[in-house]
Amino acid sequence: MVDAIVSSLLEQLISVAADEVKKLTSNLQAIRGVLEDAEQRQMQLDKAVTFWLDQLKDASYDMEDVLDEWVFARLKLQIDFKQLSLRHDIAVKIRGINEKLDDIASQKDRFKFVENVSNNVKTPERVRTTSLIDEGEVCGRVDEKNELLSKLLCESSEQQKGLHVISLIGLGGIGKTTLAQLAYNNDEVKRNFEKVMWVCVSDTFEEISVANAIIEGLGESTSSLSEFQSLMSHIHRSIEGKKNFLILNDVWDGDYNKWAPFFLCLNHGLHGSKILVTTRNELVARMMGSTNIIFIEQLTEEECWSLFKRLAFFGCSFEDCERLEPIGQKIARKCKGLPIAAKVIGNLLRSKSTIKDWQRILDSEMWKAEEIGKGLLTPLLLSYNDLSSNSMVKRFFSYCAVFPKDYNMYKEELISLWMAQGYLNAEEYEEKEMTGEECFNILAARSFFQEFEKNDDDDIMSCKMHDIVHDFAQFVSSKECLWLEINSTKESVINAFGGKVRHLGLKFKGGASFPMSIHGLNRLRTLLIDDESPPNSSLDSSILPELI
């Protein structure tokens, strides 16, 4: 991502003729030549290289800020650029940044980076939306699917009275959500239950959010309710005497005190009601009273190869498939039976047609980076690093970490935010919009996005990120992006992140006040606010003008 920042800076600096800026440009050009190798070594957890890149990124952001001041000064004075000398204060700032870059540039030699001789930032190739993979296509999992449906539809006399909790447990990216979606959409399941509800819980079990989601799943409104007790009473009345099926997807929080009110409330449904929980943690499933646990294992080697082959060889000629298949089988084995790994690497290789490209993926040192998520992020690292010729796309992807997990990202809104950050280097609005859509399609085609909602013309309207992909976006954004939920009982942790945060999202609940610690974030570039507070306790409208 640092490469994208430096590339953008160089384009801006071309138009500035001051001596200090010329020196700055020279420094950035010297550093940029080794950035691709440096970023790959950072991914292998080279701490010294990571620290060096952090220094460079901070200096680059500082320079962007100074350039903004420079552009503003030109507009304010409304005179021709050639007749304007650098304002003294801006010149001092540039000189200071130059001193930092002198030091950073001198350090690069001790790392013995391999220089990239081709440093041109290429415009991303257009990706057709018709090539996107249907996430509903499932490979394997026949036994697990049949076992799950059997437990959901079972009405035997030995079944316990009251609420019946079933859990799907497995690694991230193993396919738990896919199995839950199959159950949710199964026609026989829909006929068996009066109400079928889907709630994504994600990192924190926020009681009010979960309650609201359940009520919405019941097809009812919560607009007149704000208190937890009122929400739970509403759920109680709505499910009483009915046979219900609730899916709680991606549960992490093992706090029984948060879960207990829900179990008590949901237990008033008709005998035979079921809850399906997906989680990575068996202790969480036990805490929630699960009486049946299905452990989701990795795909078999044959199943993983079948999934990988379907994606990697899509559109390939018979001759190309035959030529690349021996290497492909070795790569598929490295995916270790993880569906998300097979999808990401398969989508990466579908655009590669030479043995050299495939062998490069097979021989990559990234497969050895077991420390990062126990190897689960390796396929994402490989696909991310392959975007080196489209460095701006890396920056677009890392920006998505500003949203919370399971956030429904609307394509037009996302592209507008990219444009607002100045990521799209184009003159006309329409050209920027088109470039943004091309970059979005690249990320979608690489399986960085999923759960697409489309319009009648089959164009993508919105999407989500898998939680593993979201973790990876946070990893590559290096604490630049932060999302916090603020409520009346929890203090903000903004200060703990220091001056690193540049993109911040805040979600307000329960009449929470605006965190004053945000005033310390003087490098902030994005502030997204989601206010769920009751109507009479909304944020003070005077705060934002003061903040800005």
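The values are calculated or read from the model by the stated rules, or taken from the named source; none is laboratory data. Since this is a predicted model, take the numbers as computed values, not measurements. All Cβ positions, even for glycine, are placed from backbone atoms using ideal geometry, and neighbour counts span all protein chains on display.
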Checklist (1) under 30 Å from the mean Cα position of the chain (by Cα); (2) loosely packed, with under 15 Cβ neighbours inside 10 Å; (3) farther than 26 Å from residue 406 by Cβ; (4) in contact (Cβ under 8 Å) with a residue 40 or more places away in the chain applied to residue 281, failing item: (3)
Taking region 427-485 and the residues there that are β-branched (Val, Ile, Thr) and under 19 Å from residue 379 (Cα atoms), the one that is surrounded by the most Cβ atoms within 10 Å (Cβ to Cβ) would be 469
In the list 315, 241, 254, which residue meets the criterion of being surrounded by 16 or more Cβ atoms within 10 Å (Cβ to Cβ) and of a type in the set (Gly, Ala, Ser)? 254
Assess whether residue 235 counts as being in a helix (DSSP H, G or I) and modelled with pLDDT of 85 or more. yes
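If you scan region 451-466, which residues turn out to be out of contact with any strand residue (DSSP E or B) (no Cβ under 6 Å at 6 or more places or on another chain) and under 17 Å from residue 249 (Cβ atoms)?
The one that is out of contact with any strand residue (DSSP E or B) (no Cβ under 6 Å at 6 or more places or on another chain) and under 17 Å from residue 249 (Cβ atoms): 465.
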Restricting attention to region 318-335, which residues are crowded, with 16+ Cβ neighbours inside 10 Å and of a type outside the set (D, E, K, R)? 324, 327, 328, 331, 332, 335
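Can we say residue 423 is modelled with pLDDT under 90, crowded, with 16+ Cβ neighbours inside 10 Å and among the hydroxyl-bearing types (Ser, Thr, Tyr)?
Here the answer is yes, as residue 423 does meet what is asked.
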Residue 296 being touching a residue at least 40 places away in the same chain (Cβ under 8 Å) and hydrophobic (A, V, I, L, M, F, W, C): yes
Scanning region 223-238 for residues that are surrounded by 18 or more Cβ atoms within 10 Å (Cβ to Cβ) and over 26 Å from residue 271 (Cα atoms) gives 225, 226
Restricting to region 238-275, give me the number of residues that are of a type outside the set (D, E, K, R) and assigned to a strand (DSSP E or B). 8
Single residue of region 422-462 satisfying the filter (among the charged types (D, E, K, R) and within 23 Å of residue 178 (Cβ to Cβ)) that is farthest from the chain's Cα centre (by Cα): 458
For the subset of region 382-423 comprising residues that are of a type in the set (S, T, N, Q) and touching a residue at least 60 places away in the same chain (Cβ under 8 Å), which member is farthest from residue 213 (Cα to Cα)? 389
If you take the residues in region 284-302 that are acidic (Asp, Glu) and more than 14 Å from residue 170 (Cα to Cα), which one is surrounded by the fewest Cβ atoms within 10 Å (Cβ to Cβ)? 302
Filtering helices (runs of 4 or more DSSP H) wholly in region 158-230 for at least 1 residues that are over 30 Å from residue 140 (Cβ atoms) and free of Cβ contacts under 8 Å to residues at least 24 places away in the same chain gives 207-217
May I ask you to verify whether residue 291 is assigned by TED's automatic domain parsing to the domain that holds residue 242 and under 30 Å from residue 384 (Cβ atoms)? no
Scope region 236-252; condition among the hydrophobic types (A, V, I, L, M, F, W, C) and closer than 16 Å to residue 151 by Cβ; matching residues: 245, 246, 247, 248
